[in-house]
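**Q** Would you mind keeping the following structure in view while I ask a few things?
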Amino acid sequence: MKPEDPSVFYESLFDNMLDGLAYCQMIFDMQGNLIDWIHLRVNKNYENLTGLKNVTGKKISEIIPGIRASNPELFEIYGRLYLTGKSKRFEIYVKPLSMWFLVSAYSPQKGFFVAVLQNITDRKQIEEDLENARTAAKNVFEDLQVEKEALDNTKAKDEAILSGIGEGLVAVDKEGNILFISKAFEALTGWGEKEIAGKRMVEVVPQEDEAGNLVPPQERAITQALVGTTTTSSSSSSWYYIRKDKTRFPASGIVTPVTLDGKIIGAVEVFRDITKEKEIDRMKTEFLALASHQLRTPLSGIKWFVETLDRKILGTVNQKQQEYLDQIYQLNERALKIVFDMLNALRIEGGDVAMKTEAISLARLARDVSLATAPVAEQRGVRLHADVKNLATTVVETDAEMLRSILETFIVNAINYSERGQDIFFDVTEETGSVVFSVKDSGIGIPNDEQGRIFEKFYRASNAKKFKPDGTGLGLYVASMLAEKIGAKILLESEPGKGSIFYLRVPKLKSTT
Ligand code: ADP
């Protein structure tokens, strides 16, 4: 064999080329339609790529019996090659093989054609799945937007109605007997003032807990206010009041003792019906569940396919195309983070998070939270000062994971709502039986009339929405649920335009100082 012999060169080229190659003779019917072809010669990769074996000398109709029915266009294209003598490049899905091919075909002489093919099934699959995942995610986002707007509207309407009704108000003397009630009290409980004046409030309007158990009179907030164990008693959790007709409604309110010359002479209770709020809360939970569960799969799908696509096209795309792909990836990561936050809120709300108490030193805690929030701080050009040296050896016994999570939420918020170059201070002070953490920023602050609402699910203050459009309003909601779990209290001081301080008072079960 002489290496300079061109035919030897071609032989080895055919067999070593990555594409599949087939040289075929066409068979026509009487009307001149192409109805079959015989494989005169194929290279090794033709068989590898198609998975077909021993094809040389055989007709396509023998090798792939259903091909005329599944791919009539293939017969048309090859048939036209014969007539026009032109070459043709096309993509085709061959159903009997479940494969996509990119084919370049031409006819070197009448009645014959050469087809060079690549198997592009993987690429097609990725493109198709990516497109499906993208469409699915887009649809869900659109649905969610509509749903959220409906929720906001319902809430606004309900709020107007609620404020129109006013609140139930009852004043009692030092024995707990009813002195007077408001019109709204009558409307809420069904009792008229004349019927109940002089009777004991705790008997006239029984109270039940969430589970439907009667709250004993001595445990009622109004009784406790009269004996001086509480000055004001508000309830973040709600209870139920029983109406005159024995039906019940969820209520929430505040009791204040009335004092004269330092002596308690009675008490006032203000309460309202929170049926609508409970309903809205339920709708929000439903929305959370719908959003997070529906989005998780397509978004994880997009992530996977973008990563795969990125690997497959490495080095074959220009800089702009690579930038677009990176953008898709980053945006998708952000959406995944939102979904993660939603799922986390659901999980905690569902109550299936057990407390794990452990002893943790403040030094360790400060280090953990600074490390965890450092990347966000750096990215936004904000400096975090977490100096707890004076109390470094103090130990708190609590669920460290939950505590860290609350403090990290405060710090990340402080970072997010500060201007570039500003400072944030994380600090701890000690009180009897508890430690108080504080996170102080000099950022945008919170409008006074919105400070009471920022712990609600999805609530974002008007200035925060303008300053940083992409928040979820879930961080503080989750933080407040966690705080309740570990028996901690959140307090807030904030002035719009000046900054905010978030405090967390945590009971310290054990101290080594
Ligand atoms: P998100 O930050 O995703 O909006 P959060 O539940 O963590 O959700 O916070 C709820 C809202 O509370 C924010 O949208 C913002 O209006 C307000 N907020 C929280 N922390 C701060 C802060 N440090 N400074 C100003 N506003 C804050």
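**Q** If you scan segment 310-322, which residues turn out to be open to solvent by 60 Å² or more (accessible area, probe 1.4 Å), of a type outside the set (Ser, Thr, Tyr) and either closer than 21 Å to LEU299 by Cβ or outside any helix (DSSP H, G or I) (or both)?
**A** ARG311, LYS312, LEU314, GLY315, ASN318
**Q** Here is a follow-up. Residue by residue through segment 47-58, note down the ones that are open to solvent by 20 Å² or more (accessible area, probe 1.4 Å) and under 20 Å from PRO108 (Cβ atoms).
**A** Hits for segment 47-58 are THR56, GLY57.
**Q** Pairs under 9 Å by beta carbon, first residue over 16 Å from ARG123 (Cα atoms) in segment 312-323, partner in a loop (DSSP other than H, G, I, E, B) and among the acidic types (Asp, Glu), six or more apart or different chains?
**A** Cβ pairs passing all conditions: none.
**Q** Of the numbered conditions (1) modelled with pLDDT of 95 or more; (2) on the phi > 0 side of the Ramachandran plot; (3) surrounded by fewer than 20 Cβ atoms within 10 Å (Cβ to Cβ), SER442 fails exactly one; give the number of that condition.
**A** (2)
**Q** Please go through segment 177-201 and pick out each residue that is buried (at least 19 other Cβ atoms within 10 Å of the Cβ) and touching a residue at least 60 places away in the same chain (Cβ under 8 Å).
**A** Residues satisfying the conditions are LEU188, MET201.
**Q** Test each condition in (1) more than 27 Å from the chain's Cα centre (by Cα); (2) at pLDDT below 85; (3) surrounded by 15 or more Cβ atoms within 10 Å (Cβ to Cβ) for ALA291 and report the one that comes out false.
**A** Result: ALA291 fails condition (1) only.
**Q** Scan (1) more than 9 Å from the ligand (Cβ to nearest atom); (2) closer than 24 Å to GLU333 by Cβ; (3) modelled with pLDDT of 95 or more for the single condition PHE425 breaks and write down its number.
**A** Here PHE425 clears every test but (2).
**Q** Report, ordered by the first and then the second residue, all pairs with beta carbons closer than 9 Å, sequence separation of six or more or different chains, a first member in segment 486-503 that is open to solvent by less than 20 Å² (accessible area, probe 1.4 Å) and at pLDDT 95 or above, and a second member that is within 10 Å of the ligand (Cβ to nearest atom) and basic (Lys, Arg).
**A** What qualifies is GLY499/LYS440; SER500/LYS440; PHE502/LYS440.
**Q** Return the residue satisfying two criteria in turn: it lies in segment 460-485 and is more than 6 Å from the ligand (Cβ to nearest atom) and under 18 Å from ASP152 (Cβ atoms), and of such residues it is modelled with the lowest pLDDT. Talk me through it step by step, then tell me what you get.
**A** In the first step, residues of segment 460-485 are kept if they are more than 6 Å from the ligand (Cβ to nearest atom); the result is 462-463, 465-470, 478-485.
Those left that are additionally under 18 Å from ASP152 (Cβ atoms): 462-463, 465-466, 469-470.
Details: SER462: 94, ASN463: 96, LYS465: 94, LYS466: 94, PRO469: 87, ASP470: 84.
For segment 460-485, the residue satisfying everything is ASP470.
**Q** Please determine, by comparing only the residues of segment 364-417 that are assigned to a loop (DSSP other than H, G, I, E, B) and away from the ligand (no atom under 13 Å from the Cβ), which one is modelled with the lowest pLDDT.
**A** Of segment 364-417, the ones assigned to a loop (DSSP other than H, G, I, E, B) are 380-382, 387-388, 392-394, 417.
Imposing the further condition that a residue be away from the ligand (no atom under 13 Å from the Cβ) reduces the set to 381, 387-388, 392-394.
Values: GLY381: 96, ASP387: 80, VAL388: 81, ALA392: 75, THR393: 81, THR394: 86.
Here the residue is ALA392.
**Q** Restricting to segment 326-363, what's the tally of residues that are farther than 30 Å from LEU309 by Cβ and in a helix (DSSP H, G or I)? It would help to see each step written out before you state the result.
**A** Quick first cut of segment 326-363, residues farther than 30 Å from LEU309 by Cβ only: 345-363.
Okay, now just the ones that are also in a helix (DSSP H, G or I), so 345-349, 362-363.
Here the count works out to 7.
The values are calculated or read from the model by the stated rules, or taken from the named source; none is laboratory data. This is a predicted model, so every value here is computed, not measured. Counting neighbours? That spans all protein chains shown, and the Cβs are built from the backbone with ideal geometry, glycine included. Note: accessible area is taken over every heavy atom of the protein model, side chains too, but ligands, DNA and RNA are not part of it. Shrake-Rupley method; radii C 1.70, N 1.55, O 1.52, S 1.80 Å.
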